[in-house]
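What follows is a set of notes on a single structure, which appears directly below.
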Protein chains: 2
Amino acid sequence: MKGLKDRVVIAGVGYTKFGELWDKSQEDLLVDAVYEALEDAGVEPKEIEAGWVGIQYPFTGVSGGSAAEFLKMYGIPFTRVENFCASGMDAFRNACLAVASGVHEMVLACGVEKLMDQGSRGLPDMGGARGVMMQFPPAPSMFALAATRCFEVYGWNKETLANVAVKNHEHGSHHPKAHFRKPVTKEQVLKAPIIAWPLGRFDCCAMSDGAAALIITTPERIKNLKHKDDYVKVLANAISVHTLAPWLHPQFDFTGFPSTQQAGKMAYEQAGIKDPVKEIDLVECHDCFTITELLNIQDLGLCKKGEAGDFVAEGNTKYGGLIPVNVSGGLKCFGHPIGATGCRMLVELTKQLQGRADGLQVKDAKIGLAHNLGGAFTVASVTILARQDV
Amino acid sequence: MKGLKDRVVIAGVGYTKFGELWDKSQEDLLVDAVYEALEDAGVEPKEIEAGWVGIQYPFTGVSGGSAAEFLKMYGIPFTRVENFCASGMDAFRNACLAVASGVHEMVLACGVEKLMDQGSRGLPDMGGARGVMMQFPPAPSMFALAATRCFEVYGWNKETLANVAVKNHEHGSHHPKAHFRKPVTKEQVLKAPIIAWPLGRFDCCAMSDGAAALIITTPERIKNLKHKDDYVKVLANAISVHTLAPWLHPQFDFTGFPSTQQAGKMAYEQAGIKDPVKEIDLVECHDCFTITELLNIQDLGLCKKGEAGDFVAEGNTKYGGLIPVNVSGGLKCFGHPIGATGCRMLVELTKQLQGRADGLQVKDAKIGLAHNLGGAFTVASVTILARQDV
């Protein structure tokens with residue numbers, strides 16, 4: 001089993017502003033992000049040999065073939081990938097596999113979701129879907145169970161959670177493409193209305209629209225492209241599924257996510273990373289809720305199990321800290337247009353590693369990690385990118 | 001750009017009976033097909049390193065991660081692929097790319113759809129979806145436009161169409177897994193109620209449930225597996241997207257499908273096929289409507305443009321003819337559980353090339369081609385498989 005190391009590189013990236021984009025359709029968003037990425041790569045649309053688009057929600061008019069239509073990319077394969085909240089990063093994974101296979105040399109991975117302005121359709125009622133999906137509680141209630149459990153087991157409290165919100169909103173306040181660009185105080189977070197106890201409004205990410213795109217190619221082909229001297233390498237990419245109904249499994253205790261643990265382990269192995277805190281310079285971590293970030297950074301091995309509360313409180317995950325987490329502002333500030341999120345994180349990492357972050361720039365960033373968690377803690381994806389000289 | 005030739009092989013296949021399977025859930029169907037394929041391959045579930053599932057319709061509880069749940073395949077990546085009627089074959093394509101990349105050695109491609117028994121949800125109303133999908137007429141009306149056009153341009157008539165229905169129902173009457181297993185007479189076809197002029201009930205494929213699965217591996221790994229002496233090779237796999245609204249394009253004249261033409265051309269190039277009629281022994285061709293098969297066999301170069309009517313009438317595409325098309329009975333007899341169809345065709349080809357077809361066995365079949373057409377003639381997929389000794 002070979003990894004992706006030294007076989008797949010990122011040639012260009014693009015993304016829209018994230019937010020309540022009432023005046024933009026899903027098609028507009030996809031076109032804006034993809035054409036920005038093409039321009040960034042210095043690649044013509046006709047050079048793209050295959051495309052993958054990550055999108056979670058159905059009924060929004062985007063199939064593989066229809067994405068190609070909006071982008072006017074005819075005559076090539078164009079596939080829609082769906083994998084809960086990891087849809088965007090899974091599109092990226094499939095695109096990487098295609099390049100690594102040698103079947104394609106220049107491909108597109110993109111993700112989009114429009115959560116606003118879905119008209120009478122609204123968002124699909126996941127809870128009402130049939131089969132095992134019936135067991136899905138709404139996301140805030142689901143993650144609230146993890147929070148109350150950690151309050152009990154680790155002695156965390158609403159302040160522990162609030163530290164994540166304050167940090168990410170501070171980071172996001174510097175990012176021109178974020179949905180929310182105002183810092184919040186701990187007091188504001190603690191006093192915010194409760195969505196699902198103990199998660200208040202500032203513990204939850206928002207409903208936002210957005211799109212992001214990456215052009216992926218080989219180490220050979222990049223030599224003749226715009227970013228030949230500052231391209232970004234794909235070191236690892238792993239996805240792991242765990243059960244769709246973890247609460248039915250006696251081993252599951254709501255203090256961690258097996259899918260994140262597995263995906264992290266697989267990705268570290270692929271990338272040859274032994275000590276993530278020492279070797280990785282920044283992390284974009286799935287923070288759909290504040291509790292999610294706390295548990296995921298433990299699961300990714302950035303700190304020991306049970307210690308994420310203190311680890312964050314001590315400023316280790318802040319910009320300028322030991323290992324900055326979500327310097328972009330994370331899902332807390334960008335919202336979570338589902339298919340777009342994974343690709344947005346990878347765009348952020350790419351620009352950070354190239355020293356051209358749009359928000360706060362992590363100094364001399366060499367290796368970055370992006371992570372998504374989706375479903376009922378069902379699927380986790382971890383991608384590790386590195387600067388050209390690593 | 002490398003092809004898949006000599007890099008990807010099929011280790012095992014499985015599929016359910018197709019039909020109105022009221023007593024089986026989508027999850028049941030997927031499990032039945034996949035575990036049959038695993039048994040056929042002589043591979044344990046835990047040996048599967050990654051999975052792809054093709055499924056078109058949303059709201060049916062199958063995401064990438066949830067498919068893994070039903071199959072109890074945890075800890076691996078599992079991706080849902082959606083690409084209109086080519087969803088199943090696109091799942092297969094992505095699985096092949098993963099094996100060709102060397103990142104995975106043993107993977108699963110499967111497809112499922114349950115069109116019956118969707119409860120109050122019913123089937124999504126594609127025509128009511130937003131954006132460009134608004135332009136989608138129902139499938140029978142869409143393909144009826146092609147039929148009336150060909151009546152005008154080529155002098156075809158309802159009998160030309162009926163020949164396809166009679167042929168495919170004759171073929172399917174021998175297949176134990178088909179939904180419809182009775183031959184029909186030309187008279188029956190001609191007298192059947194009209195769905196969308198000139199397409200009558202026997203010109204249209206049915207709403208059916210079903211699932212199909214393939215285990216895919218490398219030429220090295222197959223040497224230690226059950227089918228080491230009669231495995232099937234993947235010679236080519238191509239997908240091509242054309243526009244989502246061909247009727248808005250002045251060049252589009254409803255006498256052929258550019259996506260099929262492009263995908264066919266790409267696949268022949270990959271497989272090194274110069275003369276498809278001479279080199280290919282059987283074709284599973286997308287016959288959602290009788291007119292679709294007629295146009296697709298032209299587009300695939302099995303006969304000249306405008307000559308498919310005579311080509312079929314003369315018996316060339318019959319079992320025992322020059323180049324048998326849909327010896328399984330095709331979509332006409334299996335119905336079209338969308339995500340399942342592409343995989344079902346590949347299961348059929350695999351068994352044919354191994355000399356163990358469940359229905360009519362094409363004598364000494366060495367090379368087979370499978371084809372899907374989806375969307376508004378938007379996306380076409382072509383896969384070419386070959387016997388081990390080719």
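Evaluate the following for B:VAL107: is it under 30 Å from B:HIS242 (Cβ atoms), more than 7 Å from every other protein chain (Cβ to nearest Cβ) and of a type in the set (Val, Ile, Thr)? So B:VAL107 fits the description; yes. From B:ALA238, B:ALA178, grab the single residue that is in a strand (DSSP E or B), within 30 Å of A:GLY64 (Cα to Cα) and in the same structural domain as B:GLY309 (by TED's automatic domain parsing). After ruling out the rest, the residue left standing is B:ALA238. Among residues that are touching a strand residue (DSSP E or B) at 6+ places or on another chain (Cβ under 8 Å), in contact (Cβ under 8 Å) with a residue 40 or more places away in the chain, assigned to a strand (DSSP E or B) and within 29 Å of A:LEU21 (Cβ to Cβ), A:LEU369 is included. Scan region A:269-278 and give yes if some residue there is surrounded by fewer than 24 Cβ atoms within 10 Å (Cβ to Cβ), touching a residue at least 60 places away in the same chain (Cβ under 8 Å), part of a loop (DSSP other than H, G, I, E, B) and within 10 Å of chain B (Cβ to nearest Cβ), otherwise no. Among the residues of region A:269-278, not one is surrounded by fewer than 24 Cβ atoms within 10 Å (Cβ to Cβ), touching a residue at least 60 places away in the same chain (Cβ under 8 Å), part of a loop (DSSP other than H, G, I, E, B) and within 10 Å of chain B (Cβ to nearest Cβ), which makes the answer no.
Going by the conditions given, is B:GLU39 free of Cβ contacts under 8 Å to residues at least 40 places away in the same chain, crowded, with 21+ Cβ neighbours inside 10 Å and not small (Gly, Ala, Ser)?
Working: free of Cβ contacts under 8 Å to residues at least 40 places away in the same chain: yes; crowded, with 21+ Cβ neighbours inside 10 Å: no; not small (Gly, Ala, Ser): yes.
Judged against the criteria, B:GLU39 is not a match.
For region A:46-65, taking the residues that are assigned to a helix (DSSP H, G or I) and within 7 Å of another protein chain (Cβ to nearest Cβ), the one that is surrounded by the most Cβ atoms within 10 Å (Cβ to Cβ) is identified as A:GLY65.
Residue by residue, here is whether (1) in contact with a strand residue (DSSP E or B) (Cβ under 8 Å, 6 or more places away or on another chain); (2) modelled with pLDDT of 95 or more holds:
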position	(1), (2)
A:ILE222	yes, yes
A:ASP229	no, yes
A:LEU235	yes, yes
A:HIS242	yes, no
A:LEU248	no, no
A:ASP253	no, no
A:TYR268	yes, yes
A:ILE273	yes, yes
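When restricted to residues that are over 16 Å from A:ASN83 (Cα atoms), basic (Lys, Arg) and buried (at least 24 other Cβ atoms within 10 Å of the Cβ), region B:66-106 contains 1. For region B:343-356, state whether one or more residues are within 21 Å of B:LEU161 (Cβ to Cβ), out of contact with any His (no Cβ under 6 Å at 6 or more places or on another chain) and outside any loop (DSSP other than H, G, I, E, B). No.
Among the residues of region A:1-22, what is the count of those that are of a type in the set (Gly, Ala, Ser) and within 14 Å of chain B (Cβ to nearest Cβ)? Break it down into steps so the answer makes sense when it comes.
Keep residues of region A:1-22 that are of a type in the set (Gly, Ala, Ser), which gives A:3, A:11-12, A:14, A:19.
Subset that is within 14 Å of chain B (Cβ to nearest Cβ): A:3.
Qualifying residue count for the region: 1.
Only residues that are farther than 12 Å from A:LYS332 by Cα, crowded, with 22+ Cβ neighbours inside 10 Å and of a type in the set (D, E, K, R) were counted in region A:132-181, giving 1.
Among the numbered conditions (1) crowded, with 24+ Cβ neighbours inside 10 Å; (2) modelled with pLDDT of 95 or more; (3) in contact with a Phe, Trp or Tyr (Cβ under 9 Å, 6 or more places away or on another chain), the only one that B:GLY374 does not meet is (2). If you scan region B:23-45, which residues turn out to be away from chain A (no Cβ under 14 Å) and under 28 Å from B:GLY329 (Cα atoms)? Hits for region B:23-45 are B:ASP23, B:ASP32, B:ALA33, B:VAL34, B:TYR35, B:GLU36, B:ALA37, B:LEU38, B:GLU39, B:ASP40, B:ALA41.
Quick check: anything in region A:66-76 more than 10 Å from every other protein chain (Cβ to nearest Cβ) and free of Cβ contacts under 8 Å to residues at least 40 places away in the same chain? No: region A:66-76 contains no residue that is more than 10 Å from every other protein chain (Cβ to nearest Cβ) and free of Cβ contacts under 8 Å to residues at least 40 places away in the same chain. Looking only at residues in region B:342-362 that are surrounded by fewer than 24 Cβ atoms within 10 Å (Cβ to Cβ) and aliphatic (A, V, I, L, M), the one that is farthest from B:SER173 (Cα to Cα) is B:VAL362.
The values are calculated or read from the model by the stated rules, or taken from the named source; none is laboratory data. It should be emphasised that the depicted structure is a prediction, and the values quoted were computed from it without experimental measurement. Backbone-built Cβ (ideal geometry, glycine too); neighbour counts: all protein chains shown.
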